[in-house]
1. First measure r as the distance between the Cβ atoms of A44 and Q70, then evaluate 1/(1 + (r/R0)^6) with R0 = 35 Å and state the FRET efficiency to the nearest 0.05.
2. Most fluctuating residue of A12, A24, A66 in a GNM of the chain with Cα springs under 10 Å: which is it?
3. Rounded, prolate or oblate for the range 14-58? Axes are the square roots of the Cα gyration tensor eigenvalues, ordered a ≥ b ≥ c, and the cut-off for rounded is a/c under 1.5.
4. Can you find, among G56, P8, V43, the residue farthest towards the positive end of the dipole of the chain? Put +1 on the C-beta of Lys and Arg, -1 on that of Asp and Glu.
5. Gaussian network model of the chain, Cα springs within a sub-10 Å range: biggest mean-square fluctuation belongs to which of R26, R39, R68?
6. Evaluate the charge dipole of the chain about its Cα centre and quote only its size in Debye, nearest 20, assuming +1 on the Cβ of each Lys and Arg and -1 on the Cβ of each Asp and Glu.
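Every read-out reported here was derived from the displayed coordinates using simple, explicitly stated rules and does not represent laboratory data. Keep in mind it's a predicted model, so treat the numbers as computed, not measured. We place every Cβ from the backbone using ideal geometry, glycine too, and count neighbours over all the protein chains shown.
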Amino acid sequence: MTLAALKPGEEALILTVSGEGAIARRMADMGVVPGQHVRMLRVAPLGDPLELQVMGYHLSLRKTEALRVQVRPLEHHA
């Protein structure tokens, strides 16, 4: 599934990030890299932008950027 499919409050592990050049560098600079945990905080009313938490800070991504990120949802056990 992609990062764009996460709902607020859900967490996931980043598996892959597709794209080249400036987009790939920008994502890497923001910590959106394979192996990193990410938590969806908010989705704007029209679905763009998405606000998430990665590496302890808040980040806003466009939906088109989030569609480039494949994730595996994390299960939480009580």
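1. On the way: r = 22 Å, r/R0 = 0.63.
Approximately 0.95, to the nearest 0.05.
2. Highest fluctuation among the options: A24.
3. Cα axes put the range 14-58 in the oblate bin.
4. The residue sitting most towards the positive pole is V43.
5. Maximum fluctuation in the GNM of the chain, among the listed residues, is at R26.
6. With only Lys, Arg, Asp and Glu charged at Cβ, the dipole is about 100 debye.
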